Amino acid sequence: MAGTARIGVDVGGTFTDLVLHDPARDLVHTGKLLTTPDDPSEAIIEGTLRVLQEAGLTPADLHSIVHGTTLVTNTVIERTGAKVGLLTTAGFRDSIEIAKEIRYDLYDLFLEAPPTLVPRHLRREIPERLDVHGTTLLALDEAAVAREATALVAEGCEALAIGFLHSYRDARHELRAREVVRALFPDLAITLSAEVAPEIREFERTSTACANAYVQPRMKKYLDKLEADLARIGFTGRLYVMLSGGGIAAVREAKEFPIRLIESGPAAGAMAAAFLAKLAGLDRVVSYDMGGTTAKMCLVEDGAPDHKFDFEAGRVRRFVKGSGLPLKVSVVDMIEIGAGGGSIARVEPGSGLMKVGPRSAGAKPGPVCYGRGGTEPCVTDADLMLGRLDAKYFLGGEMALDPGLVQRAFATGVAEKLGVKPMDAALGVQRIVDETMAAATRMHLAEKGRDPRGYTLIAFGGAGPVHAWNLARLLKIERMLVPLGAGVASALGFLVAPPATDMVRSYVARLERLDFAHVNALFAAMAAEGRKLLEEAGADPATISFKPAADMRHVGQGFEIPVPLPALEIGEGDVAALKEAFFTSYQKTFGRVVREQPIEALTWRLAVSAPGLDIRIGAATLAPASLAPRGQRSVTFETHGTLDVPVYDRYALRPGMEFAGPALVEERESTCVVGPGARCHVDAHLNLVVELNG
Amino acid sequence: MDEGFDAITLEIYWSRLISIADEAAAALLRTAFSTIVRESNDFGTVLMDVNGDSISENTGGIASFSCILPRTTKHFLAKFPAETWQPGDCVITNDPWLATGHLPDITAVSPIFHKGKLVGFSGSIAHSPDVGGSLWGADCREVFEEGIRIPPTRLIRAGVRNQEILDFFLANVRVPDQVSGDLEAQITANEVCAARVDEFLGDTGLADLQGLSRALQARADLAMRRAISAVPDGVYRATLDADGFEPDVTHIVVAVTVAGESMVIDFEGTSKQIDRGINCVMNYTHAYSVYPVKCALDPFTPRNEGSYRAIEVRAPEGSILNPRFPAAVGSRQLTGHLLAGAIYKALAAVIPKQVIAECGGAPTMRCLFSGQDQHGDRFSQVLFASGGMGASPHRDGLATTAFPTNAGAGSIEAFENVAPLVVWSKQLRPDSGGAGQFRGGMGQEAIIEVRSPGPLRLSLISDRRDHPAQGVLGGKPGAAAEIVFSDGTRPHPKSRTTIEPGMKLHMRYAGGGGYGPPSERDPAALAADLKDGYVTDAAAYKGDA
């Protein structure tokens, strides 16, 4: 019998974060060390041994490790993946290069298209063709498959993707092509578009297959090594990975479909917010995670983050939609904008106005106040100048900040050019970055037909609690919640994520003309596959639940909306109910219905999940209880000018304590700003709950 | 200049007003019924002050629309003076001369009130799925054939819909549900914009938008003037020819005069208007003249009415760039999209690092199929696809990308699911990018087979058969457009015909022009092109052919 403790490990670009939880001992323990980019498992092993030792445990006490990684996304961004060959339907060799034919920036004459993962000379045409019903128009030329695959291997391809037209409808040509290649090259990694993303739209599906093939060899090698290293230190529990959709899965799925880990890290933050929302009984939440380079916002309703089924990876311009490679994967639907502590302020030469971000000073040289050579003022510098941060208590005092450098940087960098005082320039940086985040959040919600009023903001990440009060104010949000350990809270997501996966198949037909036997067979296949994946991911078979849905639209429309289905098996008698369900979803999304037009379904989805674990946050690291401020600081607010503000010690606060804003609450990795007019109380889970109009 | 606003507040307010236009655009996209708005990006939203001057526009739509909407609004104000507008009004038109140059685009403008006072207007334009008349084409003789024309009309008066007018309009279109659905989406977008502006004024305590509007226009104006004054003074001329409609070639003549911080773009000498649907009204001519200048000189400053104040555009009345009513204008893009190429050609000598060569995708090439599918259901589908962009001084032209418009393309699998057509190929056209130091973007070839039970109607709207996209500063032209049936016959590129089941249509989209002499091409770039098969004729691309 393996142990009871679990560890969540997030391998980020700079740091590897670990969080250990042992329900049997009511213990939560965290750790942080530098990522080892050449072999990320080094830091995982070292970190695991360290937190175990600090908690007084051994590897044998571990029940499981849940792992999130940026390896997949970095491989795509840095273009360090495998040499991939692609077999496509003759006539469609260039689908992944022609793409959507859109300029992602209307005014840039010199913009760059995202480079394809498979260059044209490694894309080979295979005579074969199915039509929309899966009927053969042209039989598969197996000799061509053998010939082209051999040529690609001779070219040095380490992995192969196969993407044929209409394979979402019928995969038989792709399956047969794989058999032909396997017979020749039994060890070659092969990705079928119909398996990795069985959805209509050839560009996106093929692009996903190529990306999967591209990251697969490196990811497999990495996971094999990690398993071996963990075994070597005596770990006998299960290793799981975090999927982009926020579910956990077995390592086997990660090796077969590594592309599903593309948003592995960011998903954890949203799962942490969902967990906190459930714990606090909040059903309408905007999750807000602001770090050094970016801010991420996500809608969390009824305890679950929103999902979407496409994602753009490896953007040419990180924050510009349309500048990356589209992937058909289930991801937590969040927006990421270039607004973080390191975002740089500058004055535009044309208009003479100030912009903040998306360029970031990153960790090196970092903001000016770090004193590591940064000269351009950043958001963190403004936060320091406005009194939100303590020069002496940054990272718990480990790092001294230099206010003098910041003052000079603001004076010469922006204030002079704008003709304002340095303090006003700093306030301007804060106003602009907060407005930018507010606009992006409003927009994200508006696209879903939501209004931020009535939602609660859950803020975390190092910079999140610093800016949350002002962001909430701009959004007319009345309540915000900040968890204990906000700077590392996203790692909690690894421990609370449920085993879950999203299955998909496309089959296009008008509701009146549906072949129900076919639909039911699709769902039966998805259910069986989903069940197998979840059992591998440690789910109790009795607790697995299924949520079927279909993407539908009116005939003639170019976009679909998800519609929940009543059951895994449907028939002729359900058509009226399907239509009503479509109208209900349509009304919810668009605010009206059009009853006359016929309806068609395109894609069928099955969300498969089992319950996640609840964890209790222990009280081990707290200081003695006290509501006495440990000091006072001058803080400048846009709305109230400069005020003397009490500073509370986060670790001394206990459930039930209450105080009025303006106030600052400091913990090691972050500071929570409570603005004037707000009231803050500490809830039973040690969250700060701030009522803006308290 | 800043009307009492400090620079930081100005930046914040400007961003906020842009995000209001974006939110209106999101509402339009979200609630539009038809595919055309989404798939071809054919829409725009603009926030205007009480004078009808634009303050902000949405980020992603068609650039020309935001330029034209304020002009249309001023026509509305001439007919319905400011004091007559009431909350809940919505005025529409699709008049080509007052609005965007052809009937399918519907412009809708609503007033914005704050504390009972008229403070501005919210406007939207969207390409309607149908406006009656003939099937979309380029060969009509008069605008009357091209559909129903709606003069500026109060579709909604103080919140009450004029149902008779709406019924009258919808009775004249082929797909009334889709048309009314899209119109509702425009009204919704205008309402969202108006509500957000009201909220914005409440939040900021401003009484109206006028001071802010003047300040933001002044900032945009200043940025453009700074950019123009960096261009040496002088008169820069160019001519450009396109197929037009035989026997008339379209001959564009442009003189760009730069004097200090202002610019005049004059099309004196351009072809006369003709009795076919490729005439381009002055509004469209203006929009497609100032847009390429903005891209070349001042791409980063947000746009508003001030952006284009320093630029004057002239075209002789009665020319193909300023036709008199009732000229046919249905495919005015076949002429209007050429202007960017002409202007860049004129400016190439003086600002060579800021322009690109002519684009194969200017103008766009479209084939529209319409008829009945195997179930007897009516369908009408346009295959969206683009030629290649002209090469730039910094890199090869983008393949299969439209400029100056930004219509995208959809999935072939989705296309085949809604029309009885099989697309046998849609891939890059090797050797179609013009040779040069930087190569023009490649066009593409699509092969479409008719698989319907009966014959279909085919409408072709294209140019560049006889006039490929020219290179610039020594660059070579891209490949011309070609349209060929599988039996070897070539349909007229601007025609409406019938196509029989089993017939295949080969659509070859033009390549973009090259930049700089081919002899200066980096040998490694040529080797890579040969390896990837973008180029098969090495000699031609080395410049020694």
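In the stretch A:660-667, the count of residues that are assigned by TED's automatic domain parsing to the domain that holds residue A:403, surrounded by fewer than 19 Cβ atoms within 10 Å (Cβ to Cβ), on the phi < 0 side of the Ramachandran plot and within 32 Å of the chain's Cα centre (by Cα) is zero. In the stretch B:405-412 there is at least one residue that is at the interface with another protein chain (Cβ under 9 Å from one of its Cβ atoms), within 24 Å of the chain's Cα centre (by Cα), without any contact (Cβ under 8 Å) to a residue 24 or more places away in the chain and surrounded by fewer than 23 Cβ atoms within 10 Å (Cβ to Cβ). Among the numbered conditions (1) within 14 Å of chain B (Cβ to nearest Cβ); (2) among the hydrophobic types (A, V, I, L, M, F, W, C); (3) in contact with a Gly (Cβ under 9 Å, 6 or more places away or on another chain), the only one that residue A:197 does not meet is (3). Give just the number: which of (1) under 26 Å from residue A:379 (Cα atoms); (2) within 14 Å of chain B (Cβ to nearest Cβ) does residue A:341 not satisfy? So residue A:341 meets the others, but not (2). Taken over the stretch A:356-388, the criterion of being within 12 Å of another protein chain (Cβ to nearest Cβ) and out of contact with any strand residue (DSSP E or B) (no Cβ under 6 Å at 6 or more places or on another chain) is satisfied by A:382 alone. Under the condition of being buried (at least 16 other Cβ atoms within 10 Å of the Cβ) and hydrophobic (A, V, I, L, M, F, W, C), the residues counted in the stretch B:531-545 number 1. Of the helices (runs of 4 or more DSSP H) that lie entirely inside the stretch B:123-238, those containing 1 or more residues that are among the hydroxyl-bearing types (Ser, Thr, Tyr) span B:176-204, B:210-229.
Residues that are buried (at least 18 other Cβ atoms within 10 Å of the Cβ) and among the β-branched types (Val, Ile, Thr), at least 3 per element: which strands (runs of 3 or more DSSP E) completely within the stretch B:424-519 meet that?
B:444-450
Do we find a residue being under 30 Å from residue A:118 (Cβ atoms), out of contact with any Asp or Glu (no Cβ under 8 Å at 6 or more places or on another chain) and either outside the structural domain of residue A:42 (by TED's automatic domain parsing) or crowded, with 24+ Cβ neighbours inside 10 Å (or both) anywhere in the stretch A:264-276? Steps first, please.
Looking only at the stretch A:264-276, we keep the residues that are under 30 Å from residue A:118 (Cβ atoms), and these are A:264-267.
Remaining after also requiring out of contact with any Asp or Glu (no Cβ under 8 Å at 6 or more places or on another chain): A:264, A:267.
Right, trim to either outside the structural domain of residue A:42 (by TED's automatic domain parsing) or crowded, with 24+ Cβ neighbours inside 10 Å (or both) and you get A:264, A:267.
Checked the stretch A:264-276: at least one residue is under 30 Å from residue A:118 (Cβ atoms), out of contact with any Asp or Glu (no Cβ under 8 Å at 6 or more places or on another chain) and either outside the structural domain of residue A:42 (by TED's automatic domain parsing) or crowded, with 24+ Cβ neighbours inside 10 Å (or both).
Looking at the stretch A:555-568, can you tell me whether even one residue there is in a helix (DSSP H, G or I), more than 14 Å from chain B (Cβ to nearest Cβ) and loosely packed, with under 13 Cβ neighbours inside 10 Å? No. Only residues that are crowded, with 18+ Cβ neighbours inside 10 Å and more than 12 Å from every other protein chain (Cβ to nearest Cβ): list them for the stretch B:171-189, please. Listed by number, the residues that qualify are B:173, B:183, B:186.
Across the stretch B:80-121, which residue is nearest to the chain's Cα centre (by Cα) among those that are among the charged types (D, E, K, R) and more than 12 Å from residue B:68 (Cα to Cα)?
Of the residues in the stretch B:80-121, the ones among the charged types (D, E, K, R) are B:83, B:89, B:95, B:105, B:115, B:117.
Retained after the next criterion (residues that are more than 12 Å from residue B:68 (Cα to Cα)): B:83, B:89, B:95, B:115, B:117.
Working: B:83: 33, B:89: 28, B:95: 17, B:115: 37, B:117: 34 Å.
So, considering only residues that are among the charged types (D, E, K, R) and more than 12 Å from residue B:68 (Cα to Cα), the one nearest to the chain's Cα centre (by Cα) is B:95.
Among the residues of the stretch A:569-597, those that are outside any loop (DSSP other than H, G, I, E, B), within 14 Å of another protein chain (Cβ to nearest Cβ) and polar (S, T, N, Q) comprise A:585, A:587, A:589.
Which of the residues belonging to the stretch B:1-58 are facing chain A (nearest Cβ under 8 Å), in a loop (DSSP other than H, G, I, E, B) and surrounded by fewer than 21 Cβ atoms within 10 Å (Cβ to Cβ)? Answer for the stretch B:1-58, where residues must be facing chain A (nearest Cβ under 8 Å), in a loop (DSSP other than H, G, I, E, B) and surrounded by fewer than 21 Cβ atoms within 10 Å (Cβ to Cβ): just B:6.
Of the candidates B:158, B:108, the single residue that is assigned by TED's automatic domain parsing to the domain that holds residue B:45, crowded, with 17+ Cβ neighbours inside 10 Å and in contact (Cβ under 8 Å) with a residue 40 or more places away in the chain is B:108.
I'm told residue A:36 meets every condition in (1) farther than 20 Å from residue A:241 by Cα; (2) among the hydroxyl-bearing types (Ser, Thr, Tyr); (3) assigned to a loop (DSSP other than H, G, I, E, B) except one. Can you identify the failing condition by its number? Checking residue A:36 against (1) farther than 20 Å from residue A:241 by Cα; (2) among the hydroxyl-bearing types (Ser, Thr, Tyr); (3) assigned to a loop (DSSP other than H, G, I, E, B), the one that fails is (1). Here residue B:65 clears all of (1) within 12 Å of another protein chain (Cβ to nearest Cβ); (2) aromatic (Phe, Trp, Tyr); (3) touching a helix residue (DSSP H, G or I) at 6+ places or on another chain (Cβ under 7 Å) except the condition numbered (3). Six or more apart or on different chains, Cβ atoms under 9 Å: show the pairs whose first residue is in the stretch A:110-130 and at the interface with chain B (Cβ under 9 Å from one of its Cβ atoms) and crowded, with 20+ Cβ neighbours inside 10 Å and whose second is assigned to a strand (DSSP E or B) and of a type in the set (Phe, Trp, Tyr). Going by the 9 Å Cβ cut-off, the qualifying pairs are A:129/B:424. Residue A:185 passes every criterion in (1) on the phi < 0 side of the Ramachandran plot; (2) within 14 Å of another protein chain (Cβ to nearest Cβ) apart from (2).
Residue under question is residue A:322, and the condition is that it be surrounded by 22 or more Cβ atoms within 10 Å (Cβ to Cβ), assigned to a loop (DSSP other than H, G, I, E, B) and touching a strand residue (DSSP E or B) at 6+ places or on another chain (Cβ under 8 Å); does it hold? Against the criterion (surrounded by 22 or more Cβ atoms within 10 Å (Cβ to Cβ), assigned to a loop (DSSP other than H, G, I, E, B) and touching a strand residue (DSSP E or B) at 6+ places or on another chain (Cβ under 8 Å)), residue A:322 does not qualify.
For every residue, the table says whether it meets (1) free of Cβ contacts under 8 Å to residues at least 12 places away in the same chain; (2) buried (at least 23 other Cβ atoms within 10 Å of the Cβ); (3) more than 17 Å from residue A:39 (Cα to Cα).
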{"residue": "A:213", "(1), (2), (3)": "no, yes, yes"}
{"residue": "A:223", "(1), (2), (3)": "no, no, no"}
{"residue": "A:227", "(1), (2), (3)": "no, no, no"}
{"residue": "A:233", "(1), (2), (3)": "no, no, no"}
{"residue": "A:236", "(1), (2), (3)": "no, no, yes"}
{"residue": "A:250", "(1), (2), (3)": "no, no, yes"}
{"residue": "A:258", "(1), (2), (3)": "no, yes, yes"}
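If you filter the stretch A:200-211 down to residues that are within 14 Å of chain B (Cβ to nearest Cβ), over 12 Å from residue A:88 (Cβ atoms) and not acidic (Asp, Glu), you find that the one that is surrounded by the most Cβ atoms within 10 Å (Cβ to Cβ) is A:208.
Can you tell me which residue within the stretch A:46-100, out of those that are in a helix (DSSP H, G or I) and charged (D, E, K, R), is farthest from the other protein chains (Cβ to nearest Cβ)? Break it down stepwise before answering.
Initial filter on the stretch A:46-100 (in a helix (DSSP H, G or I)): A:46-54, A:59-61, A:71-78, A:95-98.
Cutting the leftovers down to charged (D, E, K, R) gives us A:46, A:50, A:54, A:61, A:78, A:97.
Numbers: A:46: 43, A:50: 45, A:54: 46, A:61: 51, A:78: 21, A:97: 7 Å.
Step by step, filter the stretch A:46-100, then rank; the result is A:61.
Somewhere in the stretch A:532-543, is a residue surrounded by 23 or more Cβ atoms within 10 Å (Cβ to Cβ) and of a type in the set (Ser, Thr, Tyr)? For the stretch A:532-543, residues surrounded by 23 or more Cβ atoms within 10 Å (Cβ to Cβ) and of a type in the set (Ser, Thr, Tyr): absent.
If you go through the stretch B:205-218 one residue at a time, do you hit one that is more than 14 Å from every other protein chain (Cβ to nearest Cβ), under 30 Å from residue B:143 (Cβ atoms) and surrounded by 24 or more Cβ atoms within 10 Å (Cβ to Cβ)? If you could, list the steps in order and put the result at the bottom.
Taking the stretch B:205-218 first, the residues more than 14 Å from every other protein chain (Cβ to nearest Cβ) are B:206-211, B:213-214.
With the extra rule that they be under 30 Å from residue B:143 (Cβ atoms), the set shrinks to none.
Scanning the stretch B:205-218 turns up no residue that is more than 14 Å from every other protein chain (Cβ to nearest Cβ), under 30 Å from residue B:143 (Cβ atoms) and surrounded by 24 or more Cβ atoms within 10 Å (Cβ to Cβ).
Each row is one residue, and each column tells you yes or no for (1) among the hydroxyl-bearing types (Ser, Thr, Tyr); (2) closer than 30 Å to residue A:686 by Cβ.
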residue	(1), (2)
A:477	no, yes
A:493	no, yes
A:503	no, no
A:536	no, no
A:543	yes, yes
A:547	no, no
A:556	no, no
A:564	no, no
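The values are calculated or read from the model by the stated rules, or taken from the named source; none is laboratory data. Worth saying up front: this structure is predicted, and the values here are computed from it rather than measured. When we count neighbours, we look across all protein chains shown, and the Cβ atoms used for this are built from the backbone with ideal geometry, even at glycine.
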